[in-house]
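Step one of this worksheet: look at the structure below.
The values are calculated or read from the model by the stated rules, or taken from the named source; none is laboratory data. Computed from a predicted structure; not experimentally measured. Here the Cβ is made from the backbone with ideal geometry for all residues, glycine too, and neighbour counts use every protein chain on show.
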Amino acid sequence: MTRPTRRAINLAERLQTAGIVDTHFHVGPELVPRRYDVADLAEAARAWNATLVLKNHTYPTTPLAAHARRHAGVTFLGGTVLNRFVGGLSADAVASAVSGNRTHPSETADEPPFVVWMPTVHAAAHLDALGFAFDKRWGGCSACNAQVEIESEGPEVPVRVFLPDGTPNPELPAVLEAIAQAGARLATGHLSAEEIMRLVPMALEAGVPAVLLTHPHYPAVNLSDEQLIQLIRDERVFIEHCYAIHTIEEVPTERFVASIEATGTEQVVLSTDFGQVSSAPFPECTLRFAEAIEALWPARWCEERLITLFTDNPRRALGLSAPPR
């Protein structure tokens with residue numbers, strides 16, 4: 001087994017000290033196998049004092065995160081994805097996530113933020129690009145490289161945020177208002193670039209406190225750097241580059257760095273989008289991503305900027321206070 005270099009060890013130490021914040025980590029059980037349930041993930045994250053946002057395509061994770069905060073001593077945040085499993089584009093789906101996020105009566109702290117993702121596996125752009133909801137590569141077995149079969153009856157019905165004529169779904173304003181009232185963060189999920197360009201101004205106008213542009217280089221999304229530059233003119237918008245878009249979709253890490261050079265680092269977040277059984281465990285996944293980006297990091301940018309993309313920037317996007325140093 002290859003021993004980590006002193007430089008890699010130093011990078012890990014700096015990330016641990018600064019406090020990793022991963023805005024996008026999948027947890028099971030789900031329709032596809034996942035590496036972790038919430039208890040196992042808490043064990044992996046506890047020693048690193050990491051903050052992880054738990055994602056699941058099929059049900060809200062706010063209750064899992066609340067349970068882990070109270071009983072496992074970890075800083076987990078929850079969320080919900082507006083797929084058909086929770087009723088699609090519905091303010092009630094946001095309300096269900098709010099109910100699971102409630103702090104225990106014995107706790108005095110304010111309720112932590114959570115994330116509401118626009119549709120992912122049921123987004124029209126996702127279904128158009130892939131032809132199906134769940135990508136078999138997400139459920140591969142790390143030991144046998146098997147792939148899971150997801151049964152489906154007939155063609156998948158998309159959750160449309162915008163109707164075919166380009167007008168917003170009539171439910172969209174109420175959903176955005178519910179997100180704003182909850183103080184939640186909006187993530188753009190697997191919407192197309194065209195949809196995202198329409199959605200983000202509406203969300204900001206509705207008072208949503210922050211927007212995460214979910215993995216812009218995912219094939220179904222495909223936001224250009226020019227579009228990203230336009231969107232982050234508002235300081236409440238953050239670009240989320242995900243390691244899984246490299247490891248699964250095979251987008252080169254050079255593409256991430258080129259995009260960061262185009263947009264600057266101030267509103268960029270680096271997350272893993274991991275939790276697949278075939279992907280690296282936490283925190284190795286984050287360390288691998290950091291090392292891959294560091295290897296391409298422009299010499300004119302100090303290493304401190306790199307650390308902030310995994311720590312301070314996602315903390316700002318989520319509205320979290322800085323940990324004691």
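Overview of values
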item: Which listed residue, of Glu249, Glu235, is over 26 Å from Ala45 (Cα atoms) and not β-branched (Val, Ile, Thr); result: Glu235
item: Given (1) assigned to a strand (DSSP E or B); (2) closer than 22 Å to Leu213 by Cβ, index of the condition Phe76 fails; result: (2)
item: Residues located in region 40-63, provided they are under 18 Å from Asp273 (Cβ atoms), of a type in the set (Ser, Thr, Tyr) and either surrounded by 24 or more Cβ atoms within 10 Å (Cβ to Cβ) or touching a Phe, Trp or Tyr at 6+ places or on another chain (Cβ under 6 Å) (or both); result: Thr58, Thr61
item: Evaluation of Ala72 against (1) at negative phi; (2) touching a residue at least 40 places away in the same chain (Cβ under 8 Å) (one fails), failing number; result: (2)
item: Strands (runs of 3 or more DSSP E) (entirely within region 179-283) containing at least 2 residues that are on the phi > 0 side of the Ramachandran plot and small (Gly, Ala, Ser); result: none
item: Single residue of Thr80, Thr23, Thr51 found to be more than 22 Å from His190 (Cα to Cα), of a type in the set (Ser, Thr, Tyr), modelled with pLDDT of 95 or more and under 19 Å from the mean Cα position of the chain (by Cα); result: Thr51
item: Residues within region 252-272 that are in contact with a Phe, Trp or Tyr (Cβ under 8 Å, 6 or more places away or on another chain) and within 22 Å of Val200 (Cβ to Cβ), tallied; result: 6
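So that you can scan it fast, the table gives a plain yes or no per residue for (1) over 23 Å from Tyr36 (Cβ atoms); (2) modelled with pLDDT of 95 or more; (3) surrounded by 17 or more Cβ atoms within 10 Å (Cβ to Cβ); (4) touching a helix residue (DSSP H, G or I) at 6+ places or on another chain (Cβ under 9 Å):
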{"residue": "Val277", "(1), (2), (3), (4)": "no, no, yes, yes"}
{"residue": "Pro281", "(1), (2), (3), (4)": "no, yes, no, yes"}
{"residue": "Phe289", "(1), (2), (3), (4)": "no, yes, yes, yes"}
{"residue": "Pro298", "(1), (2), (3), (4)": "yes, no, no, yes"}
{"residue": "Cys302", "(1), (2), (3), (4)": "yes, no, no, no"}
{"residue": "Thr308", "(1), (2), (3), (4)": "yes, yes, yes, yes"}
{"residue": "Thr311", "(1), (2), (3), (4)": "no, yes, yes, yes"}
{"residue": "Ser321", "(1), (2), (3), (4)": "yes, no, no, yes"}
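To keep it simple, each residue is scored yes or no on (1) over 24 Å from Gly319 (Cα atoms); (2) acidic (Asp, Glu); (3) out of contact with any Gly (no Cβ under 8 Å at 6 or more places or on another chain).
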{"residue": "His26", "(1), (2), (3)": "no, no, no"}
{"residue": "Leu31", "(1), (2), (3)": "yes, no, yes"}
{"residue": "Thr51", "(1), (2), (3)": "no, no, no"}
{"residue": "Thr61", "(1), (2), (3)": "no, no, no"}
{"residue": "Thr75", "(1), (2), (3)": "no, no, yes"}
{"residue": "Ser99", "(1), (2), (3)": "no, no, yes"}
{"residue": "Arg102", "(1), (2), (3)": "no, no, yes"}
{"residue": "Phe132", "(1), (2), (3)": "yes, no, yes"}
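Yes/no per residue for (1) in contact with a Ser or Thr (Cβ under 8 Å, 6 or more places away or on another chain); (2) free of Cβ contacts under 8 Å to residues at least 24 places away in the same chain:
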residue	(1), (2)
Ala42	no, no
Leu52	yes, no
Tyr59	yes, no
His67	no, no
Val86	yes, no
Asp92	no, yes
